[in-house]
Amino acid sequence: MRIKGQMLVLLSMAMILLLVFSSVAFGQEERKIKMDEYKSMLASVQEREAAANERIAQLEIDIAALKKEIAETQAEIDAEWEAVYARLGVTQADVEAYRTNLADIESQIDALAALSPEELFRRQDEIDALAKRIQEAKESNIAILTEMENKLAEIDGKLANVKAKTPANIYDNYTVVRGDYLWKISKRADIYGDPYQWIRIYSVNKDMIKDPNLIHPDWVLKIARGVGRNEHLVVKGEWLGQIAGYSKVYSDPTKWTKLYQANKDLISDPNLIYPHQVLQVPRD
């Protein structure tokens with residue numbers, strides 16, 4: 001029995017040793033497989049890297065060739081433009097300055113377009129100044145370049161929209177109540193604060209008021225708050241020839257007859273006009 005027990009112990013130890021050696025051998029084999037896989041993957045990556053580097057080198061050659069071609073083409077374009085500028089009698093610097101000028105004009109017109117009609121009415125001098133700058137730009141040889149021609153057309157359209165938005169005059173409305181008459185209305189502090197300006201109210205409402213001594217309740221009268229470009233507000237001492245001679249009118253006193261003909265419904269005697277009358281100034 002004792003020998004049997006010893007045999008069992010020896011057999012158990014042998015089994016354990018066998019398992020240990022088997023495990024070690026398996027682990028070594030597994031590490032060998034993983035190393036082989038790593039080497040294989042590394043070799044594949046190195047091949048791809050070499051191929052990529054070769055492709056990059058070729059692309060760099062192609063890029064250099066394209067850059068050279070672009071530079072040559074640009075040089076040809078620049079030479080053509082220099083020839084065009086020479087025929088126009090201008091330089092590239094002149095064209096750049098012209099382009100900047102148009103951009104500035106457009107920017108100012110865009111700013112005006114954002115204003116209310118009432119504010120535009122008060123800033124008509126700015127609108128006129130921009131129109132003058134546009135006209136001067138059109139007179140330059142540079143204006144015939146397609147780019148500039150298109151930009152000028154765009155600017156013209158924007159300015160036209162601003163002018164269309166600008167009213168001929170600005171008015172408040174006043175509703176006539178019983179007992180009102182023009183003298184009384186004109187005297188009101190919220191109207192003109194001056195009874196003698198009643199004729200101004202009559203002038204701008206003469207399509208409604210046939211007799212300045214007769215107005216009716218509920219009529220809505222226009223109260224002018226400015227003077228339109230095609231109007232003239234008469235001041236004391238003026239006469240038609242003098243007004244016609246103003247630069248903002250006709251710059252020609254002999255054209256007083258145009259003023260008279262346009263305002264015959266307001267002027268009964270061409271030798272007699274009154275302060276605060278609003279005369280229409282017809283334009284050719």
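Computed per residue of the chain from DSSP H runs no shorter than four, each worth -39500 (n - 2.57), the mean residue ellipticity at 222 nm is -21000 deg cm²/dmol.
Each residue, Asn53 and Tyr246, gets one label point 7 Å from its Cα in the Cβ direction; the gap between the two is 8.7 nm.
Which entries of Lys158/Lys248; Lys132/Lys158; Lys206/Lys264; Lys187/Lys222; Lys222/Lys258 have Cα-Cα distances beyond 18 Å here?
On the way: Lys158/Lys248 25 Å; Lys132/Lys158 15 Å; Lys206/Lys264 12 Å; Lys187/Lys222 15 Å; Lys222/Lys258 25 Å.
Pairs exceeding 18 Å: Lys158/Lys248; Lys222/Lys258.
If you rank Thr166, Thr91 by fewest surrounding Cβ atoms within 10 Å, what's the result? Walk me through the numbers on the way to the answer.
Working: Thr166 21, Thr91 12.
Ascending number of Cβ neighbours within 10 Å: Thr91, Thr166.
Given contacts defined as C-alpha pairs under 8 Å and at least six residues apart, what's the relative contact order of the chain, whole-number percent?
Numbers: 242 pairs, mean separation 33.8, N = 284.
Result for the chain is 12 percent.
Might you report the magnitude of the Cβ-based charge dipole of the chain about its Cα centre, with Lys and Arg at +1 and Asp and Glu at -1, to the nearest 20 debye? Don't jump to the answer; show the numbers that get you there.
On the way: 37 positive and 44 negative charges, 306 e Å.
It comes to approximately 1480 debye.
How far is helix 124-138 tilted off the main Cα axis of the chain, in degrees rounded to 10, range 0 to 90? That helix lies at roughly 70 degrees to the long axis.
Computed from the coordinates by the stated procedures, all read-outs in this text should not be read as laboratory data. What you see is a predicted model, and the numbers here were worked out from it, not measured in a lab. Because the Cβ atoms are built from the backbone with ideal geometry, glycine has one as well, and the counts that use them run over all protein chains shown.
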